[in-house]
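Data first, discussion second: the structure below is written as structure tokens.
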Amino acid sequence: MERASGGDPRRALVYGLAVAGRSTVRALRRRDVEVVVADYRVDEDKRRVADELGVELVDSPDVDRLTQLLGSIDLYAPAPGIPEDHRSIVLARELGVDVASEVELAYRWEQERPGGPRPMLAVTGTDGKTTTTLMTAAMLEAAGVRTVDAGNTSTPLVDAIDARRGDGGEAYDAFVVECASFRLAWTPTFRPDAGAWLNLSPDHLDWHRDLESYEAAKAQIWANQRSDDVAVGFHPDETVMRHLAAAPGRRRTFGDATADYHLDGDQLVGPDGTIAHRSAMRRSLPHDVTNALAAAALVIESGLADREAAAAALADFVGPPHRLEHLATVDGVDWFNDSKATTPHAASVAIRAFDDIVLIAGGKDKQVDLSSMASESQRVSSLVALGQTRDAIAAHFSAADPSIEVSIVDDLDSAVDVAAASARPGQTVLLSPGCASLDMYRSFEERGDHFRRLVAEFTGASSAAPAASPPSGGPTA
């Protein structure tokens, strides 16, 4: 029997002292909660941070120590990197301790805000979350709503709710929360005013027990909504539509021609009419349009922005780095950085955007089926495979089309050399790994930055990353 969630905790355990964990500790301390921290990978930097925060740091506690810690607290806040079968999670649930992610904590605190809580819009899905979150925030800003993108971004929601932006020190009017399954898994009360579920495909099976657990975490985006909230789902994704049918809020769809928000010819339209012309968008690949429809549905159906504001934002929006980021065109060959494609589904979406590709793919093995990456094999002329999954990816593409030229390499430097040697005018060299980066890099950003530098060295193009176009410029605590 779990202890009731909510209320004011007196003592909390935070497990994990990376970005989200540090923010959670600070937010708890601001609310006079006593905090103890544990981490399975303690180094000098984390010891220094713990000292600065004034908290006890326990290094890799065993079961007995964990049991003692969990018995002395009334709140456990695991960092996003702590998988759901971690012994601390299992013990906490056995003991009935309140387990809450940083998104859940921020939501609870926002409900107690003097003057009332501010609106929260939320975005989840296997792929497309970041771009859709940024588009949504840009649309709200275009409507005059002071907004920050938070959650699974560089700004944890526990920071955003306490932050003020810019030199004027203005509080935010609303939040757009990017909700990865890690944060949604522990959200017993989180209730967005409008929530969009973009898609579902197998991912993070090294964190979740199984696909059903991953799906259940995603479904939390609508689980606590009320009848006057808005649930926005992608049609025709069967899993999303099944959960949308049971969502308690007002239901809206986006996607194909039968959806509430869809592409009619070259017009992005909703129930009330045209939102924008596709040609007015800075970039309008198929997934750009889909993301724009989801963002428009969120802001319009929530009543926070209108069609004019959505159109104005789309006319100026530049996608974030590492998402089909065009790096250079040299000798008739286009170079694209899609390092954020950390799932087979995301890589498949990128592959469908081009007709003749030299594909660089592979990375950390997350125990998911990679075969879908080869579903558009007719678009791939050459494959350069690397990382833990290189042999599996090479096998899938070779089975799909034996005429594909396959090269297996040890690192990204070699991959760029091979791609450059094989690419011909009219082709696209595309880094779209379909896998996580953690077998070789600390993050997909580090992988994408390395690729950008390598391409710059080869082509003579600028190696600077483009602005990611967050509408707020980032909060200051």
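Check the chain and count each lysine pair with an alpha-carbon distance under 15 angstrom, considering only pairs eight or more places apart or from different chains.
Working: Lys129/Lys218; Lys129/Lys340; Lys340/Lys364; Lys340/Lys366.
Count of close lysine pairs: 4.
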So what are the radius of gyration and Dmax for the Cα set of region 267-382, in Å? 16.6, 48
Sorting Asp149, Asp8, Asp159 by accessible area (1.4 Å probe), largest first, what list results? Asp8, Asp159, Asp149
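With +1 on each Lys and Arg Cβ and -1 on each Asp and Glu Cβ, how big is the dipole of region 238-344 about its Cα centre, in debye rounded to the nearest 20? Provide the component values of the computation, followed by the final result.
Working: 10 positive and 15 negative charges, 75 e Å.
Charge dipole, region 238-344, about its Cα centre: 360 debye, nearest 20.
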How big is region 146-281 by Rg and Dmax over its Cα atoms, in Å? 16.8, 47
Binning every alpha carbon pair distance of region 255-323 at 10 Å from zero, what are the percents per bin? 22, 58, 19, 0
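Can you show me the helix-derived [θ] at 222 nm for the chain, built from DSSP H runs with n ≥ 4 at -39,500 (n - 2.57) apiece and divided by the number of residues, rounded to the nearest 500.
On the way: 16 runs with 166 residues, N = 477.
The per-residue figure over the chain is -10500 deg cm²/dmol.
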If the label point is 7 Å along Cα→Cβ of Glu446, which residues in region 408-432 have backbone nitrogen under 16 Å from it? 411-413
Magnitude of the Cβ-charge dipole of region 1-158, K/R +1 and D/E -1, about the Cα centre, nearest 20 debye? 460 debye
Quote to one decimal, in nm, the extra length available between Glu405 and Thr329 on full extension: 0.36 nm per residue of separation minus the C-alpha distance between them. 25.1 nm
Using 17 Å as the cut-off for backbone N distance, which residues of region 157-195 belong to the label zone defined by a point 7 Å from the Cα of Arg250 along Cα→Cβ? 192-195
Approximate spin-label separation Asp59-Arg41, in nm, with each point projected 7 Å along Cα-to-Cβ: 1.6 nm
Contour minus end-to-end for Arg164 and Asp74, with contour as 0.36 nm per residue of separation and end-to-end as the Cα-Cα distance? 29.4 nm
Where does helix 19-30 land angle-wise versus the long Cα axis of the chain, in degrees 0 to 90, nearest 10? 30 degrees
So what's the angle, to the nearest 10 degrees on a 0 to 90 scale, between helix 211-223 and the longest Cα principal axis of the chain? 70 degrees
Helix 444-459 sits at what angle to the longest principal axis of the chain, using alpha carbons and giving 0 to 90 degrees rounded to 10? 30 degrees
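Using a Förster distance of 35 angstrom, determine the FRET efficiency expected from the C-beta separation of Asp439 and Glu308, and round it to 0.05.
Details: r = 46 Å, r/R0 = 1.32.
Rounded to the nearest 0.05, the efficiency is 0.15.
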Environment charge of Val416, counting only residues whose C-beta is closer than 11 Å and scoring Lys/Arg +1, Asp/Glu -1: -2
Between Arg226 and Gln367, what's the calculated FRET efficiency when r is the beta-carbon distance and R0 is 41 Å? Round to 0.05. 0.65
Quick one: Karplus J couplings for region 335-344, per residue in order, coefficients 6.51, -1.76, 1.60, θ = phi - 60°, nearest Hz, x for Gly and Pro? 10, 10, 9, 10, 4, 5, 6, 9, 10, x
Given charges of +1 on the Cβ of Lys and Arg and -1 on the Cβ of Asp and Glu, with all other atoms neutral, how large is the dipole of the chain about its Cα centre, in debye to the nearest 20? 860 debye
So how much slack lies between Val318 and Asp266, counting 0.36 nm per residue of separation and subtracting their Cα-Cα distance, in nm? 16.8 nm
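The values are calculated or read from the model by the stated rules, or taken from the named source; none is laboratory data. The structure displayed is predicted, hence computed values, not measured ones. With ideal geometry, Cβ positions are generated from the backbone for all residues, glycine too; neighbour counts draw on all protein chains shown. Quick note on the areas: whole protein, heavy atoms, side chains included, nothing else; ligands and nucleic acids left out. Shrake-Rupley method; radii C 1.70, N 1.55, O 1.52, S 1.80 Å.
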